[in-house]
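Please read the structure below before turning to the comments.
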Amino acid sequence: MKNKVLYIAVILPVVIYTSCSKIAENLQRDAIVTDTVNFKIPVIATLDNALTLPNVATTINLENQINAQVQDLTASNLHSVKLKSINLGLAEIVKDSIDTKNNFANLQSIKFSLTDGSKTDSLASVSIPSKTLSRGLTLNPVILPETLKPYISKPAMKYSITIKAKEVTTAVMTVSAAISYTVTLVK
């Protein structure tokens with residue numbers, strides 16, 4: 001009986017220590033990484049072709065945003081990335097009024113893509129069937145998380161925005177895009 005108690009007394013601390021070490025090693029946390037980009041949609045005088053705004057710079061500082069939310073993990077612990085949302089808003093000159101010739105209802109579609117200089121993948125898009133005046137839009141994510149992960153940590157990541165109009169516009173539209181990602185970090 002003494003041998004069994006002694007055996008348990010010796011083995012139990014080792015098992016507990018090993019279990020605690022594995023729990024500490026398998027630390028997993030999510031963080032919300034946000035990006036805000038501003039761009040201008042020029043006057044669209046013809047409906048023949050889509051307009052592409054290439055190389056719209058990202059403002060993401062991945063390391064700083066992770067450090068502000070999660071302790072003991074860094075961008076090097078990035079495991080997966082998921083696009084949470086892209087919301088677009090028009091910068092209005094006059095409060096509570098929408099220019100009937102220059103708003104999102106004049107557009108047929110907007111598509112965001114990611115590029116890192118060597119490749120490009122679709123990020124999110126929206127078709128705009130309605131003619132209801134609109135100063136805000138939400139795009140639908142189309143990118144898979146495993147496709148998104150290689151882009152998010154590269155300083156060369158940029159957005160490419162493709163716009164197709166259904167009606168001509170008469171003024172430059174200034175747009176602000178609020179983009180939100182959920183990043184999962186694992187240690």
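Give me the net charge of Val81's neighbourhood, meaning all other residues with Cβ under 11 Å from the Cβ of Val81; Lys, Arg count +1, Asp, Glu -1. Net local charge, Val81 excluded: +1. Going 7 Å from the Cα of Ser109 toward and past its Cβ, which residues in the range 120-154 have a backbone nitrogen under 15 Å from where you end up? Correct set: 122-130, 139-143. The mean of 1/r over all pairs of different alpha-carbon atoms in the range 88-143, once inverted, gives a Kirkwood hydrodynamic radius of 12.7 Å. Of the solvent-accessible surface of the range 56-115, computed with a 1.4 Å probe and all protein chains present, 47% belongs to carbon and sulfur.
The values are calculated or read from the model by the stated rules, or taken from the named source; none is laboratory data. In this text the structure is predicted, and so the values were computed from the model without any measurement. Glycine also receives a Cβ, built like all others from the backbone with ideal geometry; neighbour counts cover every protein chain displayed. These area figures cover heavy atoms from the full protein model, side chains too; ligands, DNA and RNA do not enter into them. Shrake-Rupley method; radii C 1.70, N 1.55, O 1.52, S 1.80 Å.
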